[in-house]
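The values are calculated or read from the model by the stated rules, or taken from the named source; none is laboratory data. Since we're looking at a predicted model, the values are computed, not measured. Every residue, glycine as well, gets a Cβ built from its backbone with ideal geometry; the counts of neighbours run over all protein chains shown. Ligands, DNA and RNA are stripped out before the accessible areas are found, and what is left, the full protein with its side chains, is counted by its heavy atoms. Shrake-Rupley method; radii C 1.70, N 1.55, O 1.52, S 1.80 Å.
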Amino acid sequence: QDTAITEFRIGILGGENAQDRMNSNECLRSSIEEALGVPTKIFAPADYNGVIQGLLGGSIDLSLMGPSSYAAVHIADESAVSPILVKVNSDGSTGYYSIGFARIDSGVTSLEGLKGKVFGFGDPNSTSGYLIPSIEIPQITGASMDNGDYFGEVKFTGGHEQTIVAVNNGDVAAGVTWADGQGNWEDGYNFGALRKAVDAGLVDMNDLVEIWRSKLIPGEPVVLRNALPDDVRATVTQIIDTMGENDPACAEAIAGGEVSGFDPITHDAYTSIVAARLAESN
Amino acid sequence: MLKLANVTKSYGENIAVHSASFAIDKPMMVGVIGRSGAGKSTLLRMLNRLTDATSGEITFDGLNVTALRGTAKRQWQSQCAMIFQQFNLVPRMDVVSNVLHGTLNRRSTFSTMFNLYPDEDIHRAIDILERLGIAQHAPKRAEALSGGQQQRVAIARALMQDPKIILADEPIASLDPMNAQVVMQSLRDIHEQDGRMVIANLHTLDTARRYCDRVIGMRDGAIVFDDTPEMLTTSSAREIYGADASFSEATTSTQIEPDETVQRRLVDIAAQ
Amino acid sequence: MLKLANVTKSYGENIAVHSASFAIDKPMMVGVIGRSGAGKSTLLRMLNRLTDATSGEITFDGLNVTALRGTAKRQWQSQCAMIFQQFNLVPRMDVVSNVLHGTLNRRSTFSTMFNLYPDEDIHRAIDILERLGIAQHAPKRAEALSGGQQQRVAIARALMQDPKIILADEPIASLDPMNAQVVMQSLRDIHEQDGRMVIANLHTLDTARRYCDRVIGMRDGAIVFDDTPEMLTTSSAREIYGADASFSEATTSTQIEPDETVQRRLVDIAAQ
Amino acid sequence: MADAQQSHAAAADVSTTYLAQIKAKRLMNFILLIVFLALFMSGFATAESRNAGGFLEGLGNIFDFPAAMWSEAVERSHLLPGYLVQYFPSLVETVNIAAASTLLGALAGLVISLLVTRGFAPVTWLIGPLRRVLDIFRAVPEIVIALVLIFMLGGGPVPAMIAIALHTVGALGKLFSEVNENASLKPVEGLASTGANWTQRMMLGVIPQVAPNYLSYALLRFEINIRASAILGFVGAGGIGYDLRNTMSWGVGKYDEAAAIFLLLFGTIVLVDQVSSLLRNRLTHGTQNIEATI
Amino acid sequence: MTTATLQMQTITRFSRKKRLTLAVPLAILAYFAYIFVAFDIAGLGDRVNFGNARTLVSDSYSYKTHVTQDNRSGAITMSIEGERKAQYPEGMTPDWVTMGDVTTVNLGQGHVVTLGPQVRYDIPGYGTVTARPDGNGVNASFPDGPIPDFINASGNRVMIATDAGRLTVTRNRAEVFKYSIGWEIFFFTLDSPYYGMDAGELLSRALTGEAGSIVQGFWSNTMWRHGDVFWALFETLLMAFLGTFGAAMIALPLAFLAARNFTPLGGLRFVARRIFDFLRGVDGLIWTIVLSRAFGPGPMTGALAILLTDTGSFGKLFSEALENVDDKQIEGVASTGAKPLQRYRFGVIPQITPVLLSQILYHLESNTRSATIIGAITGGGIGLLLTQAIATQKDWEEVSYYIVLIILLVIFMDTLSGWLRRKLIKGDGGGH
Ligand SMILES: Nc1ncnc2c1ncn2[C@@H]1O[C@H](COP(=O)(O)OP(=O)(O)OP(=O)(O)O)[C@@H](O)[C@H]1O
Ligand SMILES: Nc1ncnc2c1ncn2[C@@H]1O[C@H](COP(=O)(O)OP(=O)(O)OP(=O)(O)O)[C@@H](O)[C@H]1O
Ligand SMILES: [Mg+2]
Ligand SMILES: [Mg+2]
């Protein structure tokens, strides 16, 4: 293992504007830079794959990513990264749900109403936007997710925001995205992609209706590259672990919603996700 | 028939044709002579309406040609065929197609676009080519022909228009003397046999004398001579060509042989 | 000095030069004549080692030229300058740079890569251009010059090599008679004033007669004549050029005027 | 004698001027070279510092990705034919997008190019504005138009087709008008003298002259457009690019599919490339600058 | 041959030509018909979203100001486009909002909205709508008669969209949108001291020593982020520049390997050519993905991707140029005893420089466009900003801004490369 690093690189993803994302993670960047004493940079590629490749290739050191993306990295190279921390919701729970939703005026209220219609996934590397629903929904419908099998067509919209907009615009009849499932539907729950869309003024939740909800998905892990020196790993872990108490505003900014902080986690929590992903692979 | 009244064309400062007036009462073969830049081409182009006159009026059988617009103008162009010094054929198209272009004004845009020419037009085109002695080249591309042959294709296109007037702008200037004779003879024949009016710009006096019924001389845009060829003396030629004492007819001559030989050759060529 | 012994060059079946042998004992001006395909160019190219002889031996002052390889071969090339019919200059580069290419063999690869030549070379290049009467064109691109001027640049490049031998392969074939005289005169001057050996392929008998001290005639790859110009009778010329009875010197002549006039003109041109 | 001296003085004069000139030029070239190298080096340093991974560190890993893909593709090579069949329709869609947009773009480019060529244009004051329109069409990257259109029309091939067609109009319009400028006006005038209308003059007088060059440029565009259409698939415009992106970003587990799609796409591009350069060579000789203006 | 047979033949020939000339447009038509079906163009009418189109167009030349009342606390916030970064600071309001016990929002044309515990909207020509949100719903009341189309009301929500603006009332909040023309806060954000100043005043202040802070205010505008946008443009240009020139430098020596007259070894030539084909055939975008494993996201990855693709293109073009060189010049240089490198330098390079330069400059321009696209994937440059702005589907004015910048950049590069081409190739000094 390296004894010293010259640079620390954070990869971020999510639906917002690249620059907004960089701005909301600025607090994390500066505290890590201060603690490690090396230049620290943020990178915001357009899709999940950029960060995954970065972690695998060793050009990204830290990322907060979806469980499925983590699983993708783990499958590609077991020794590349490990999850260190997980987001804790404000009620103390960890984890979230994949939520299926449709426009209220379409009259669809459940998966049954969607037969023959267009269904939208987010990004193929998304846990809640693809992986989990692609396994759990067929168990309910009793048919595969192939085009024309149950749904008329299954599309990838490209990301959570795009799914929400697509459903809201009627481009797809229904879609899946993620939410913590706590709080009011009108607000888009306490946090998640729906809440962000509501806060950004993209949608009015009164126009939408929930039609399906997955089993609890383990929360988004903070992953750290294994090849980093131990002291770096320890320092970074320490900063984020105590973020909830020391700088709650920053914790919310990087988590993208109300959280109480971050708790330690290990790979064991994600074995089911890895299994799901392997099942989806060829 | 054809009447020009004070027809003037100016390009900015430069006056190409200056108040030209003349009248031609019956179909005849008219030669227009004058040195380079005298305004011969401009005069012919205004007759065909390729160029618009600045002022003055051209009338033909009472029709005010200068005032025509759009379809009526194109209609007039189709009755007043033009032959160019450089032939102005479509080089990559075959001879018959080039001749058939003479019918464009009569046929619909769509049908000409897709080569939908009536059979009788094709028959006529071949007849005309036959008459000009180049029927055997009908399927060739225009660019594959010699200059004299191309000029005859251009004449065929003009005849295809079935025009009242044929305008020829230095039709033999790009040709060797041999071919020049053939082309001029063809124009003369057309005039004599079909009774069409032919107006030809010529750059040689002897050609004008030999083939034309009337000669118009231009100098610096103005008409300075208008009479029968017999009246074209060396002194009047000097007047037209700029009164240079060193002027000699020989410098403009293209005559090559006594007539009999030419006639024999013409027959030979036609028979090829 | 220069000695060829049974030098042969064959291209597959085709034998371009067939067992050529001759010796030249002192610097002189040698003309090689013969009709197209006789092997003149091949002979010169073998001398310069642009082409390798198939068999035979060329020696120069005891040095076996045919056996040279690598640096030694290039060394030889630099002592044995070549002038081509088409000048073979670099047209996009200026005249002086082209002349300086004559020093390439002497200078290091690195410095020449960046066009870095010593100042004294540049001075010498311009002096040579001056001598050939084209110094005023020094900064121009070679492509901007007329044929005769370009050929003089090529001669300047050759002189820049400071060669023992100058080979010229039909140096005047692409030039008009006027320029041809200037170029031949320059070659003659170089021979006379610098005492260099000049071997020139020529396609006209009168040029060979007028400028050369010795004439070698080739036919079908073999040397069929080797003597002074005075011995070059019409009958020996017929032998060289293929014994065609219709052969007449006039067809190959480029002479334009009596000598005095040419000389005057040359002076005029040089003074331009 | 005096003459010789004089001429020698003249030569010295030429020498000094030439030396001064050549030294200025040398210095200029040297400065330009240094400036260029400095720009290049500092540009590279900037790019590297703004990049996540460094150049030298990354160089060793350059084959990781292809190797991962390769090993998976080899491991499950028996599935390959199946994938090729499965994704063939997507390939057809991509090629169709390219073909339709090239055709549309070439037809519109043909008309516009005639409208912007002096001597052919029926309305002279339109030449300037239309040329600016062509410039703008050429300047906008296809992806921009495609993304905006996807927003309005939803995903699928149509936005890609329109986006590529617009760009093609701009590119071909300009190239065609350059070809037109070299066309002879004589046949056009000849036709005008018979009373032919504008359409007839253009179709019969101009098109036969320029058709081979047009065709050659259009073929080259088709080649470029296949690539463009595959790329637009990446942003949701359908076709094989969309499948490639989905399988590639899934990563391990679907690399074999990605490899199959890549093979399809690459094969098509190479095929079209070879066939079109063969055809183009036949159509025009001396195509020195053909690729240049694209 | 008689005239009659000639005529017969010609007619047959013309009917063949006729069929051929008709066949081409018919084939094109048939193909378009197929495309019409295959791309389901008929169904496009259903899929097209005119609402989106309208948003896009109107957004790109206008902006909206949100006035929001939190119905629980009664707090009023005002911001442009509803963005937190563009909130009106305490004590600052647009002149059409009057704060007080109740807040009056004057939408113009007689449309007035009053916010407070009870929300009122006076709609000229219709009447007054009131709504009193509480825990049970919004409790709206309307003038008598049927509710018109521009009102969308349910127990939990009332939405009124008129030409003057829009009012939405839910249990939690009441929100008014007022639309105005222009790109507000394009130059300075609301919290900047220079906000709302006209050009004359800015100029006079700039002259009195505030130029630095004025530029700073513009540069660090948090809404439009001109500084970041500039960097992004620069990154895009940088990728194109590095990629193009890097490729040219690598391709030039390799091109000799692929040229028939410089590499007599057929095998080597074949290999070199296939390498070029491969580099070209795999598009830059795919190279980006391949390279991002090794180098991670960023502009260098993009530049290298362009470099790889263009090495392929240049290799092909340069080797073709090399095959067309004139041997006479090389032979001329060789005859002086020049060494091999010198032969290339003086016999070959001057001949191919014009072709080389013009190709490189053409590619520089077209790579500026490619760099936009590649940046969208690799995480750099204006392309990323643009795709992200489009993906979020709300900042269309920013999208327009970026598009205008991209067009200007490409047109600039086009002009520059044209100018350089004329200057370098036609002008003197090409051989050096
Ligand atoms: N399109 C034009 N624009 C400007 N000036 C023109 C144009 N066409 C002709 N001219 C000028 O008008 C004058 C007459 O030209 P015109 O071509 O009619 O002479 P011409 O007698 O046919 O000469 P030539 O024997 O050389 O064909 C010349 O001075 C010419 O320069
Ligand atoms: N590179 C080559 N490959 C094959 N044959 C060649 C080659 N160069 C010359 N030859 C042949 O060698 C013979 C002599 O050619 P060479 O060029 O030496 O003749 P020449 O006397 O210079 O003729 P010319 O006056 O036309 O220049 C000719 O038959 C020619 O075809
Ligand atoms: Mg004329
Ligand atoms: Mg020779």
List the strands (runs of 3 or more DSSP E) inside region A:3-121, counting only whole elements, that have at least 2 residues being away from every other protein chain (no Cβ under 14 Å), open to solvent by less than 20 Å² (accessible area, probe 1.4 Å) and touching a strand residue (DSSP E or B) at 6+ places or on another chain (Cβ under 8 Å).
A:81-89, A:97-103
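Let's see how each residue does on (1) within 14 Å of chain A (Cβ to nearest Cβ); (2) in contact (Cβ under 8 Å) with a residue 24 or more places away in the chain:
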| residue | (1), (2) |
| --- | --- |
| D:Pro187 | no, no |
| D:Gly190 | no, no |
| D:Val210 | no, yes |
| D:Tyr214 | no, yes |
| D:Ala260 | yes, yes |
| D:Gln274 | no, no |
If you go through E:Thr387, E:Thr336, the only one that is part of a helix (DSSP H, G or I) and either closer than 30 Å to A:Ile52 by Cα or in the same structural domain as E:Trp287 (by TED's automatic domain parsing) (or both) is E:Thr387
Scan region B:230-238 and give yes if some residue there is more than 16 Å from ligand 2 (Cβ to nearest atom), within 14 Å of chain D (Cβ to nearest Cβ), within 23 Å of B:Ser19 (Cβ to Cβ) and outside any loop (DSSP other than H, G, I, E, B), otherwise no.
no
Check region E:324-333 and report whether any residue there is more than 7 Å from chain C (Cβ to nearest Cβ), over 30 Å from C:Ser41 (Cα atoms), touching a residue at least 60 places away in the same chain (Cβ under 8 Å) and in a helix (DSSP H, G or I).
no
Find all pairs meeting these conditions: Cβ atoms under 6 angstrom apart; at least six residues apart or on different chains; first residue within region C:93-105 and more than 9 Å from chain E (Cβ to nearest Cβ); second residue part of a loop (DSSP other than H, G, I, E, B).
C:Val95/C:Ala138; C:Val95/C:Lys140; C:Val96/C:Ala138; C:Leu100/C:Tyr117
Identify the residue in region A:178-226 that is in a loop (DSSP other than H, G, I, E, B) and hydrophobic (A, V, I, L, M, F, W, C) and, among all such residues, is most open to solvent (accessible area, probe 1.4 Å).
A:Leu216
Is it true that some residue in region D:171-181 is free of Cβ contacts under 8 Å to residues at least 60 places away in the same chain, more than 30 Å from E:Ala376 (Cα to Cα) and surrounded by fewer than 19 Cβ atoms within 10 Å (Cβ to Cβ)?
no
Consider B:Asn179 carefully, then state whether it is modelled with pLDDT under 85, surrounded by fewer than 24 Cβ atoms within 10 Å (Cβ to Cβ) and within 12 Å of chain D (Cβ to nearest Cβ).
no
Residue hits (region B:108-122; open to solvent by less than 60 Å² (accessible area, probe 1.4 Å) and facing another protein chain (nearest Cβ under 9 Å)) are B:Thr109, B:Thr112, B:Met113, B:Phe114, B:Asn115, B:Leu116, B:Tyr117, B:Ile122
Tell me which helices (runs of 4 or more DSSP H) are completely within region D:80-165 and hold 3 or more residues being within 25 Å of E:Pro25 (Cβ to Cβ) and open to solvent by 20 Å² or more (accessible area, probe 1.4 Å), or say none if there are none.
D:80-115
State all residues of region A:257-273 that are within 15 Å of the chain's Cα centre (by Cα) and farther than 17 Å from A:Gly92 by Cα; if no residue qualifies, say none.
A:Tyr270, A:Ile273
Considering region E:137-148 alone, what residues qualify as being open to solvent by 50 Å² or more (accessible area, probe 1.4 Å) and either modelled with pLDDT under 80 or not assigned by TED's automatic domain parsing to the domain that holds E:Val119 (or both)?
none
How many residues of region E:156-167 are within 10 Å of another protein chain (Cβ to nearest Cβ) and surrounded by fewer than 20 Cβ atoms within 10 Å (Cβ to Cβ)? The answer is 2
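Taking region B:197-223 on its own, how many of its residues are assigned to a strand (DSSP E or B) and open to solvent by 60 Å² or more (accessible area, probe 1.4 Å)?
Summing the residues that are assigned to a strand (DSSP E or B) and open to solvent by 60 Å² or more (accessible area, probe 1.4 Å) in region B:197-223 gives 1.
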If I go through region E:234-268 residue by residue, how many of them are open to solvent by less than 30 Å² (accessible area, probe 1.4 Å) and either charged (D, E, K, R) or not in a loop (DSSP other than H, G, I, E, B) (or both)?
14
Quick one: which of C:Asn88, C:Asn98 is within 16 Å of ligand 4 (Cβ to nearest atom), farther than 19 Å from C:Arg219 by Cβ, open to solvent by less than 20 Å² (accessible area, probe 1.4 Å) and not hydrophobic (A, V, I, L, M, F, W, C)?
C:Asn88
Do we have E:Gly108 as in the same structural domain as E:Asn172 (by TED's automatic domain parsing) and closer than 20 Å to E:Thr189 by Cα here?
no
Complete set of residues in region C:38-70 that are within 10 Å of ligand 2 (Cβ to nearest atom) and either part of a strand (DSSP E or B) or more than 14 Å from chain E (Cβ to nearest Cβ) (or both)
C:Ala38, C:Gly39, C:Lys40, C:Leu43
Of B:Gly39, B:Gly12, which residue is within 30 Å of B:Asp176 (Cβ to Cβ), modelled with pLDDT under 90 and within 16 Å of ligand 1 (Cβ to nearest atom)?
B:Gly39
May I ask you to verify whether B:Met184 is open to solvent by 10 Å² or more (accessible area, probe 1.4 Å), away from ligand 1 (no atom under 16 Å from the Cβ) and touching a residue at least 24 places away in the same chain (Cβ under 8 Å)?
no
Among (1) within 16 Å of ligand 4 (Cβ to nearest atom); (2) of a type in the set (D, E, K, R); (3) at the interface with another protein chain (Cβ under 10 Å from one of its Cβ atoms), the one test that C:Lys140 misses:
(1)
In region E:1-55, which residue that is over 40 Å from the mean Cα position of the chain (by Cα) and modelled with pLDDT under 80 is least open to solvent (accessible area, probe 1.4 Å)?
E:Thr3
Name the residue that is nearest to E:Lys339 (Cα to Cα), counting only residues in region C:39-79 that are open to solvent by 30 Å² or more (accessible area, probe 1.4 Å) and within 16 Å of ligand 4 (Cβ to nearest atom).
C:Leu50
Is it true that some residue in region A:233-256 is open to solvent by less than 30 Å² (accessible area, probe 1.4 Å), within 19 Å of the chain's Cα centre (by Cα) and at positive phi?
yes
